[in-house]
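Single-structure report; data block below.
The values are calculated or read from the model by the stated rules, or taken from the named source; none is laboratory data. None of these values were measured; they are calculated from a predicted model. Cβ atoms come from the backbone with ideal geometry, glycine included; neighbour counts cover every protein chain shown. These area figures cover heavy atoms from the full protein model, side chains too; ligands, DNA and RNA do not enter into them. Shrake-Rupley method; radii C 1.70, N 1.55, O 1.52, S 1.80 Å.
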Amino acid sequence: ARNNSPITRQLGIPELKQERSVNASAGLTFNSGSLSLTVDGYYVKVEDRIVLTGDFTADDPDIGAELQAINVGSARFFTNAVNTSTTGADIILAYATRLGNGHRFSATLAANVNDMKIDKINTSDKLKGKEDIYFSNRERLFLLASAPKTKGNLALEYKTSRLGINARLTYFDKVTLEDYVGALDEYKAARSEERRVGK
């Protein structure tokens, strides 16, 4: 249902408003010529995140009669329901060297570690006590899956004056999602590879 519809008004859901965020970050770098290291840490707090609720149904003992009064059997809607905080770090280690006779080798290892926490669920007064529907487990898992715990990338490159060879490996940590009937699906660590040879 739209946020200005009779259904959302009946349940006391306000119109959508902008999300608000506070961000802080700090970093350091190290460089020794052929080797460099960069570490950036960050903290992001988001208030009033817009999420999709679970299903409120007409057989609910508290609000069912109000939904039945407007001929609604089941309803869900977008709302500014959640406050989150995320702490993480980006780490990049790079190495490059010349091997003589126009030959060059480089390697870059990049990693991200990330931890998102759900701090608060902001229900309307009429729906207090129904946080498990207002922000259902399915939507909770969907939100957390948007920021995997870890991600890694390794890039290797070898070049001569006439030939270049590249190889890239990418790793994503596993995430867990829930379908509409409550079954959990675990998407395990994903890896992708790319190799390229060119003149």
For Phe77, list long-range residues whose amide hydrogen, built 1.01 Å from N in the peptide plane, is under 5 Å from its own amide hydrogen. Thr53
Counting only protein heavy atoms and using a 1.4 Å probe, what share of the accessible area of the chain belongs to carbon plus sulfur, as a whole percent? 54
Working out 0.36 nm times the residue gap between Asn153 and Tyr43, then minus their Cα-Cα distance, what length gain in nm do you get to one decimal? 37.4 nm
When Lys and Arg each count +1 and Asp and Glu each count -1, what net charge do the other residues less than 14 Å away from Gly73, Cβ to Cβ, add up to? -3
From phi via Karplus (6.51, -1.76, 1.60), per-residue ³J(HN,Hα) for the stretch 127-135 in Hz, x at Gly/Pro: 10, 4, x, 10, 4, 5, 9, 4, 10
Using the Cα centre of the stretch 21-140 as the reference point, and only Cβ charges (+1 on K/R, -1 on D/E), how large is the resulting charge dipole? Debye, rounded to the nearest 20. 720
Expressed per residue, the solvent accessible area of the stretch 51-199 in Å² (1.4 Å probe) is about 61
What do the square roots of 5 times the Cα gyration tensor eigenvalues come to for the chain, in whole Å, largest first, as semi-axes of the equivalent ellipsoid? 49, 19, 13
What are the residues whose amide H is under 5 Å from the amide H of Phe135, where those residues sit 5 or more places off or on another chain and H is modelled from the backbone? Gly54
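Computed FRET efficiency, Cβ-Cβ of Asn31 and Ile91, R0 22 Å: what is it to the nearest 0.05?
It comes to 0.90.
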